[in-house]
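Take a look at the structure set out below.
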(Lines give C-alpha, C1' and ligand atoms only; values in the text may rest on other atoms or scores of the structure.)
Protein backbone atom coordinates (compact mmCIF):
# COMPACT_ATOMS: atom_id res chain seq x y z
CA UNK A 1 0.00 0.00 0.00
CA UNK A 2 1.36 3.40 -1.00
CA UNK A 3 0.73 6.03 1.68
CA UNK A 4 1.51 9.70 1.07
CA UNK A 5 1.43 12.73 3.35
CA UNK A 6 0.06 16.19 2.61
CA UNK A 7 -0.50 19.61 4.12
CA UNK A 8 -2.12 22.93 3.18
CA UNK A 9 -0.90 26.46 3.86
CA UNK A 10 -0.81 29.98 2.57
CA UNK A 11 2.59 31.53 1.98
CA UNK A 12 2.90 33.11 5.42
CA UNK A 13 2.85 29.61 6.96
CA UNK A 14 5.59 28.16 4.77
CA UNK A 15 8.23 28.43 7.55
CA UNK A 16 6.07 26.05 9.57
CA UNK A 17 5.61 23.76 6.57
CA UNK A 18 9.40 23.55 6.27
CA UNK A 19 9.68 22.31 9.86
CA UNK A 20 6.98 19.72 9.17
CA UNK A 21 8.71 18.55 6.00
CA UNK A 22 12.14 18.30 7.63
CA UNK A 23 10.80 16.40 10.64
CA UNK A 24 8.88 13.98 8.40
CA UNK A 25 11.99 13.30 6.31
CA UNK A 26 14.02 12.69 9.48
CA UNK A 27 11.91 9.66 10.38
CA UNK A 28 10.49 8.69 6.98
CA UNK A 29 13.16 9.64 4.43
CA UNK A 30 11.33 7.94 1.54
CA UNK A 31 8.03 9.64 2.26
CA UNK A 32 6.46 12.33 0.11
CA UNK A 33 4.81 15.46 1.48
CA UNK A 34 2.44 17.11 -0.99
CA UNK A 35 2.04 20.84 -0.23
CA UNK A 36 -1.06 22.66 -1.43
CA UNK A 37 -0.29 26.37 -1.41
CA UNK A 38 -3.42 28.51 -1.06
CA UNK A 39 -2.28 31.45 -3.13
CA UNK A 40 -3.15 32.66 -6.62
CA UNK A 41 -1.86 30.23 -9.27
CA UNK A 42 0.03 33.10 -10.94
CA UNK A 43 2.08 33.56 -7.76
CA UNK A 44 2.74 29.90 -7.06
CA UNK A 45 5.31 29.44 -9.83
CA UNK A 46 7.39 32.29 -8.41
CA UNK A 47 6.99 31.04 -4.84
CA UNK A 48 7.96 27.51 -5.88
CA UNK A 49 11.09 28.82 -7.58
CA UNK A 50 12.12 30.86 -4.55
CA UNK A 51 11.48 27.93 -2.19
CA UNK A 52 13.15 25.37 -4.43
CA UNK A 53 10.11 23.16 -4.01
CA UNK A 54 7.10 22.45 -6.26
CA UNK A 55 3.78 23.44 -4.72
CA UNK A 56 0.32 22.32 -5.75
CA UNK A 57 -2.02 25.13 -6.81
CA UNK A 58 -5.69 25.35 -5.80
CA UNK A 59 -6.61 25.15 -9.49
CA UNK A 60 -4.98 21.69 -9.65
CA UNK A 61 -7.26 20.12 -7.06
CA UNK A 62 -10.50 22.15 -7.25
CA UNK A 63 -12.42 23.43 -10.27
CA UNK A 64 -14.23 25.96 -8.05
CA UNK A 65 -10.98 27.33 -6.58
CA UNK A 66 -11.66 30.94 -7.58
CA UNK A 67 -15.23 31.04 -6.31
CA UNK A 68 -14.21 29.55 -2.96
CA UNK A 69 -11.21 31.91 -2.70
CA UNK A 70 -13.56 34.88 -2.82
CA UNK A 71 -16.37 33.43 -0.70
CA UNK A 72 -14.08 32.37 2.12
CA UNK A 73 -11.42 34.16 4.15
CA UNK A 74 -7.97 32.63 4.56
CA UNK A 75 -8.69 30.05 7.28
CA UNK A 76 -11.94 28.98 5.68
CA UNK A 77 -10.32 28.67 2.26
CA UNK A 78 -7.37 26.59 3.47
CA UNK A 79 -9.67 24.17 5.26
CA UNK A 80 -12.33 24.04 2.53
CA UNK A 81 -9.74 22.66 0.11
CA UNK A 82 -8.69 19.82 2.43
CA UNK A 83 -11.14 17.18 1.15
CA UNK A 84 -10.40 18.29 -2.41
CA UNK A 85 -6.69 17.67 -1.84
CA UNK A 86 -7.28 14.26 -0.27
CA UNK A 87 -9.53 13.24 -3.16
CA UNK A 88 -7.00 14.45 -5.74
CA UNK A 89 -4.14 12.49 -4.13
CA UNK A 90 -6.19 9.30 -3.78
CA UNK A 91 -7.13 9.58 -7.45
CA UNK A 92 -3.63 10.24 -8.74
CA UNK A 93 -0.85 9.32 -6.31
CA UNK A 94 -1.57 6.87 -3.49
CA UNK A 95 -3.75 4.21 -1.90
CA UNK A 96 -4.07 6.06 1.41
CA UNK A 97 -3.17 9.55 2.54
CA UNK A 98 -2.40 11.31 5.82
CA UNK A 99 -3.05 15.03 6.18
CA UNK A 100 -1.08 17.00 8.78
CA UNK A 101 -1.58 20.67 9.63
CA UNK A 102 1.37 22.90 8.70
CA UNK A 103 2.07 23.79 12.35
CA UNK A 104 2.87 20.20 13.31
CA UNK A 105 6.31 18.74 14.00
CA UNK A 106 7.09 15.01 14.06
CA UNK A 107 9.30 13.64 16.84
CA UNK A 108 9.42 9.86 16.24
CA UNK A 109 8.49 7.29 13.57
CA UNK A 110 4.83 7.00 12.57
CA UNK A 111 5.04 3.30 11.65
CA UNK A 112 2.36 2.28 14.15
CA UNK A 113 0.01 4.89 12.67
CA UNK A 114 0.68 3.81 9.09
CA UNK A 115 0.08 0.16 10.04
CA UNK A 116 -3.50 1.04 11.03
CA UNK A 117 -4.43 1.27 7.36
CA UNK A 118 -4.20 -2.53 7.14
CA UNK A 119 -7.57 -2.77 8.91
CA UNK A 120 -9.00 0.75 8.82
CA UNK A 121 -10.11 3.31 6.25
CA UNK A 122 -10.41 6.39 8.48
CA UNK A 123 -8.06 7.58 11.23
CA UNK A 124 -8.90 10.52 13.50
CA UNK A 125 -7.55 11.85 16.81
CA UNK A 126 -10.00 13.14 19.45
CA UNK A 127 -9.22 16.46 21.07
CA UNK A 128 -9.31 14.89 24.53
CA UNK A 129 -9.34 11.31 25.77
CA UNK A 130 -10.50 11.95 29.34
CA UNK A 131 -13.34 14.03 30.79
CA UNK A 132 -12.70 17.76 31.19
CA UNK A 133 -14.00 19.56 34.27
CA UNK A 134 -16.62 22.27 33.68
CA UNK A 135 -14.47 24.84 35.48
CA UNK A 136 -14.76 27.86 33.17
CA UNK A 137 -11.23 27.56 31.81
CA UNK A 138 -10.40 27.44 28.11
CA UNK A 139 -10.80 25.27 26.21
CA UNK A 140 -13.89 23.88 27.87
CA UNK A 141 -15.46 20.63 26.81
CA UNK A 142 -18.44 22.58 25.41
CA UNK A 143 -16.18 24.55 23.06
CA UNK A 144 -14.40 21.34 22.06
CA UNK A 145 -17.68 19.64 21.18
CA UNK A 146 -18.86 22.67 19.18
CA UNK A 147 -15.58 22.77 17.27
CA UNK A 148 -15.71 19.04 16.58
CA UNK A 149 -14.89 16.00 18.70
CA UNK A 150 -11.91 15.20 16.43
CA UNK A 151 -9.09 17.57 15.57
CA UNK A 152 -8.68 17.79 11.81
CA UNK A 153 -5.04 18.83 12.05
CA UNK A 154 -4.67 15.11 11.41
CA UNK A 155 -6.71 12.75 9.28
CA UNK A 156 -5.85 9.48 7.61
CA UNK A 157 -8.04 8.23 4.79
CA UNK A 158 -7.87 5.23 2.47
CA UNK A 159 -9.21 4.98 -1.05
CA UNK A 160 -11.90 2.40 -0.26
CA UNK A 161 -15.32 2.84 -1.87
CA UNK A 162 -16.93 3.68 1.47
CA UNK A 163 -14.23 6.21 2.34
CA UNK A 164 -14.53 7.86 -1.07
CA UNK A 165 -18.29 8.19 -0.72
CA UNK A 166 -17.89 9.90 2.66
CA UNK A 167 -15.07 12.06 1.27
CA UNK A 168 -17.31 13.34 -1.54
CA UNK A 169 -19.99 14.26 1.01
CA UNK A 170 -17.39 16.09 3.15
CA UNK A 171 -16.00 17.85 0.07
CA UNK A 172 -19.43 19.16 -0.88
CA UNK A 173 -20.19 20.26 2.69
CA UNK A 174 -16.92 22.21 2.76
CA UNK A 175 -17.60 23.68 -0.66
CA UNK A 176 -20.89 25.17 0.51
CA UNK A 177 -20.58 25.64 4.30
CA UNK A 178 -16.94 25.88 5.41
CA UNK A 179 -17.50 28.80 7.77
CA UNK A 180 -15.47 29.83 10.79
CA UNK A 181 -18.32 31.04 12.97
CA UNK A 182 -18.08 29.38 16.41
CA UNK A 183 -20.83 31.60 17.82
CA UNK A 184 -23.20 29.86 15.42
CA UNK A 185 -21.61 26.42 15.87
CA UNK A 186 -19.64 26.34 12.60
CA UNK A 187 -15.97 25.41 12.76
CA UNK A 188 -14.83 25.04 9.13
CA UNK A 189 -14.09 21.50 7.86
CA UNK A 190 -13.75 20.12 11.37
CA UNK A 191 -17.41 20.69 12.18
CA UNK A 192 -18.57 18.53 9.26
CA UNK A 193 -15.86 15.88 9.67
CA UNK A 194 -17.33 14.94 13.05
CA UNK A 195 -19.91 12.96 11.05
CA UNK A 196 -17.36 10.89 9.11
CA UNK A 197 -16.98 8.04 11.67
CA UNK A 198 -20.68 7.30 11.23
CA UNK A 199 -20.20 6.93 7.47
CA UNK A 200 -17.10 4.70 7.48
CA UNK A 201 -17.32 1.34 9.24
CA UNK A 202 -13.57 0.70 9.37
CA UNK A 203 -12.91 3.75 11.52
CA UNK A 204 -10.15 3.99 14.12
CA UNK A 205 -10.18 6.53 16.95
CA UNK A 206 -6.45 7.13 17.47
CA UNK A 207 -6.04 7.62 21.23
CA UNK A 208 -2.26 7.21 21.32
CA UNK A 209 -1.14 9.87 23.86
CA UNK A 210 1.84 10.71 21.64
CA UNK A 211 -0.33 11.73 18.67
CA UNK A 212 -1.60 15.25 18.04
CA UNK A 213 -0.49 16.59 21.40
CA UNK A 214 -1.53 20.24 21.70
CA UNK A 215 -2.96 22.87 24.01
CA UNK A 216 -6.37 21.13 23.99
CA UNK A 217 -4.99 17.99 25.69
CA UNK A 218 -1.53 18.81 27.10
CA UNK A 219 -3.09 19.48 30.51
CA UNK A 220 -4.16 15.81 30.57
CA UNK A 221 -0.83 14.36 29.39
CA UNK A 222 2.61 14.24 30.95
CA UNK A 223 5.32 15.48 28.59
CA UNK A 224 8.98 14.85 29.48
CA UNK A 225 12.34 14.79 27.74
CA UNK A 226 14.34 11.72 28.75
CA UNK A 227 17.69 10.75 27.29
CA UNK A 228 17.14 12.88 24.21
CA UNK A 229 13.68 11.37 23.60
CA UNK A 230 10.39 13.17 23.99
CA UNK A 231 7.82 11.06 25.88
CA UNK A 232 4.13 11.53 26.64
CA UNK A 233 2.67 9.31 29.35
CA UNK A 234 5.68 6.99 28.84
CA UNK A 235 4.95 6.72 25.10
CA UNK A 236 7.05 8.27 22.35
CA UNK A 237 5.85 11.70 21.32
CA UNK A 238 4.92 11.14 17.68
CA UNK A 239 3.76 14.61 16.69
CA UNK A 240 3.02 17.88 18.46
CA UNK A 241 0.54 20.42 17.10
CA UNK A 242 1.71 23.99 17.82
CA UNK A 243 -1.70 25.57 17.25
CA UNK A 244 -2.01 29.21 18.23
CA UNK A 245 1.61 29.56 19.41
CA UNK A 246 1.82 33.10 20.85
CA UNK A 247 4.71 35.53 20.99
CA UNK A 248 4.95 34.84 24.72
CA UNK A 249 5.45 31.09 24.46
CA UNK A 250 4.98 30.66 28.20
CA UNK A 251 1.24 30.95 27.42
CA UNK A 252 1.45 27.85 25.15
CA UNK A 253 -1.40 28.97 22.85
CA UNK A 254 -3.49 32.07 22.40
CA UNK A 255 -6.59 29.84 22.46
CA UNK A 256 -6.25 28.55 26.04
CA UNK A 257 -5.63 29.47 29.70
CA UNK A 258 -5.42 26.02 31.31
CA UNK A 259 -1.68 25.56 31.30
CA UNK A 260 1.52 27.60 31.22
CA UNK A 261 5.05 26.60 30.25
CA UNK A 262 7.52 28.25 32.57
CA UNK A 263 11.15 28.64 31.49
CA UNK A 264 13.14 25.58 32.50
CA UNK A 265 10.27 23.14 31.98
CA UNK A 266 10.30 20.52 29.24
CA UNK A 267 7.22 22.02 27.60
CA UNK A 268 8.88 25.43 27.42
CA UNK A 269 11.94 23.86 25.78
CA UNK A 270 9.76 22.13 23.19
CA UNK A 271 7.95 25.36 22.33
CA UNK A 272 11.13 27.45 22.26
CA UNK A 273 12.87 24.96 19.99
CA UNK A 274 9.95 25.08 17.56
CA UNK A 275 9.89 28.87 17.56
CA UNK A 276 13.60 28.88 16.70
CA UNK A 277 13.13 26.35 13.89
CA UNK A 278 10.41 28.32 12.13
CA UNK A 279 12.35 31.59 12.36
CA UNK A 280 15.71 30.19 11.30
CA UNK A 281 14.84 27.96 8.33
CA UNK A 282 15.22 29.05 4.70
CA UNK A 283 11.48 29.53 4.14
CA UNK A 284 11.25 32.25 6.80
CA UNK A 285 11.50 34.72 3.90
CA UNK A 286 7.81 33.99 3.22
CA UNK A 287 6.52 34.72 6.74
CA UNK A 288 5.44 38.27 5.85
CA UNK A 289 4.04 37.37 2.43
CA UNK A 290 0.66 38.99 1.86
CA UNK A 291 -2.28 36.70 1.14
CA UNK A 292 -2.89 36.96 -2.60
CA UNK A 293 -6.65 36.47 -2.30
CA UNK A 294 -7.05 39.44 0.06
CA UNK A 295 -7.17 41.96 -2.81
CA UNK A 296 -8.87 42.55 -6.11
CA UNK A 297 -6.96 42.48 -9.38
CA UNK A 298 -6.68 46.28 -9.17
CA UNK A 299 -4.99 45.83 -5.74
CA UNK A 300 -7.85 47.31 -3.72
CA UNK A 301 -8.67 45.37 -0.53
CA UNK A 302 -11.61 42.97 -0.36
CA UNK A 303 -13.94 43.84 2.50
CA UNK A 304 -15.63 41.21 4.64
CA UNK A 305 -19.07 42.53 3.70
CA UNK A 306 -18.20 42.05 0.02
CA UNK A 307 -17.30 38.41 0.63
CA UNK A 308 -20.62 38.00 2.42
CA UNK A 309 -22.49 39.57 -0.47
CA UNK A 310 -20.79 37.21 -2.92
CA UNK A 311 -21.43 34.23 -0.66
CA UNK A 312 -25.16 34.97 -0.73
CA UNK A 313 -25.37 35.23 -4.52
CA UNK A 314 -27.03 32.45 -6.48
CA UNK A 315 -24.98 30.30 -8.85
CA UNK A 316 -26.51 32.18 -11.75
CA UNK A 317 -25.58 35.57 -10.28
CA UNK A 318 -22.01 34.43 -9.75
CA UNK A 319 -21.82 33.10 -13.30
CA UNK A 320 -23.07 36.42 -14.68
CA UNK A 321 -20.55 38.32 -12.55
CA UNK A 322 -17.60 36.27 -13.76
CA UNK A 323 -14.24 36.55 -11.98
CA UNK A 324 -15.10 38.37 -8.72
CA UNK A 325 -11.50 39.45 -8.23
CA UNK A 326 -11.79 41.55 -11.39
CA UNK A 327 -15.07 43.17 -10.27
CA UNK A 328 -14.06 45.53 -7.45
CA UNK A 329 -16.57 48.24 -8.44
CA UNK A 330 -19.52 45.84 -8.75
CA UNK A 331 -18.63 44.03 -5.53
CA UNK A 332 -18.33 47.37 -3.71
CA UNK A 333 -21.93 48.12 -4.73
CA UNK A 334 -23.04 44.59 -3.78
CA UNK A 335 -21.37 44.96 -0.39
CA UNK A 336 -23.10 48.27 0.30
CA UNK A 337 -26.42 46.75 -0.73
CA UNK A 338 -25.79 43.82 1.64
CA UNK A 339 -25.00 46.19 4.51
CA UNK A 340 -28.15 48.25 3.85
CA UNK A 341 -30.26 45.09 3.78
CA UNK A 342 -28.92 43.99 7.16
CA UNK A 343 -29.52 47.42 8.67
CA UNK A 344 -33.04 47.56 7.26
CA UNK A 345 -33.77 44.18 8.84
CA UNK A 346 -32.39 45.47 12.11
CA UNK A 347 -34.55 48.60 12.09
CA UNK A 348 -37.67 46.60 11.17
CA UNK A 349 -37.06 44.31 14.15
CA UNK A 350 -36.32 47.30 16.33
CA UNK A 351 -39.70 48.80 15.44
CA UNK A 352 -41.60 45.51 15.75
CA UNK A 353 -39.98 43.91 18.77
CA UNK A 354 -38.25 46.68 20.65
CA UNK A 355 -34.75 47.83 21.49
CA UNK A 356 -33.34 44.58 22.90
CA UNK A 357 -34.49 42.31 20.06
CA UNK A 358 -33.19 44.69 17.42
CA UNK A 359 -29.79 45.09 19.02
CA UNK A 360 -29.48 41.37 19.59
CA UNK A 361 -29.99 40.88 15.86
CA UNK A 362 -27.43 43.56 14.99
CA UNK A 363 -24.63 42.14 17.12
CA UNK A 364 -25.43 38.42 16.94
CA UNK A 365 -26.18 38.34 13.23
CA UNK A 366 -24.02 41.01 11.63
CA UNK A 367 -21.26 40.90 14.23
CA UNK A 368 -20.82 37.13 14.30
CA UNK A 369 -20.91 36.79 10.52
CA UNK A 370 -18.70 39.72 9.59
CA UNK A 371 -16.23 39.95 12.48
CA UNK A 372 -15.32 36.29 12.23
CA UNK A 373 -14.16 36.88 8.66
CA UNK A 374 -11.76 39.71 9.47
CA UNK A 375 -8.75 37.52 10.09
CA UNK A 376 -5.35 37.65 8.46
CA UNK A 377 -3.66 34.61 9.96
CA UNK A 378 -4.44 30.91 9.99
CA UNK A 379 -5.84 29.47 13.16
CA UNK A 380 -7.65 26.32 14.19
CA UNK A 381 -8.58 24.44 17.31
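Some notes on this structure:
- In region 142-159, the qualifying residues are those that are part of a loop (DSSP other than H, G, I, E, B) and within 23 Å of residue 252 (Cα to Cα), and the one that is nearest to the chain's Cα centre (by Cα) is 148.
- Residues considered: 303, 277. Of these, the only one that is closer than 24 Å to residue 18 by Cα and over 20 Å from the mean Cα position of the chain (by Cα) is 277.
- Close pairs from region 89-115: first assigned by TED's automatic domain parsing to the domain that holds residue 57, partner modelled with pLDDT under 95 and surrounded by fewer than 21 Cβ atoms within 10 Å (Cβ to Cβ), Cβ under 7 Å, at least 6 apart: 95/1; 96/1
- Residue match in region 40-57 (condition: closer than 20 Å to residue 187 by Cα and surrounded by 19 or more Cβ atoms within 10 Å (Cβ to Cβ)): no
- Residue match in region 160-179 (condition: touching a strand residue (DSSP E or B) at 6+ places or on another chain (Cβ under 6 Å) and outside any helix (DSSP H, G or I)): yes
- Boolean, residue 347 is at pLDDT 95 or above and touching a helix residue (DSSP H, G or I) at 6+ places or on another chain (Cβ under 8 Å): no
- Count of residues meeting criterion [surrounded by 22 or more Cβ atoms within 10 Å (Cβ to Cβ) and within 17 Å of residue 187 (Cα to Cα)] in region 155-169: 1
- Within the option set 251, 245, 196, being at negative phi and in contact with a strand residue (DSSP E or B) (Cβ under 7 Å, 6 or more places away or on another chain) holds for one residue only, 196.
- Some residue of region 38-48 being closer than 23 Å to residue 156 by Cα, in contact (Cβ under 8 Å) with a residue 12 or more places away in the chain and in contact with a helix residue (DSSP H, G or I) (Cβ under 9 Å, 6 or more places away or on another chain): yes
- So residue 152, is it surrounded by fewer than 22 Cβ atoms within 10 Å (Cβ to Cβ) and in the same structural domain as residue 90 (by TED's automatic domain parsing): no
Listed here are the residues, each with its yes/no results for (1) touching a strand residue (DSSP E or B) at 6+ places or on another chain (Cβ under 7 Å); (2) within 20 Å of residue 323 (Cα to Cα).
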| site | (1), (2) |
| --- | --- |
| 4 | yes, no |
| 23 | yes, no |
| 33 | yes, no |
| 61 | yes, yes |
| 64 | no, yes |
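The values are calculated or read from the model by the stated rules, or taken from the named source; none is laboratory data. Please read all numbers here as calculations on a predicted model, not as lab measurements. Cβ sites come from the backbone with ideal geometry, for glycine too, and all protein chains shown count toward neighbours.
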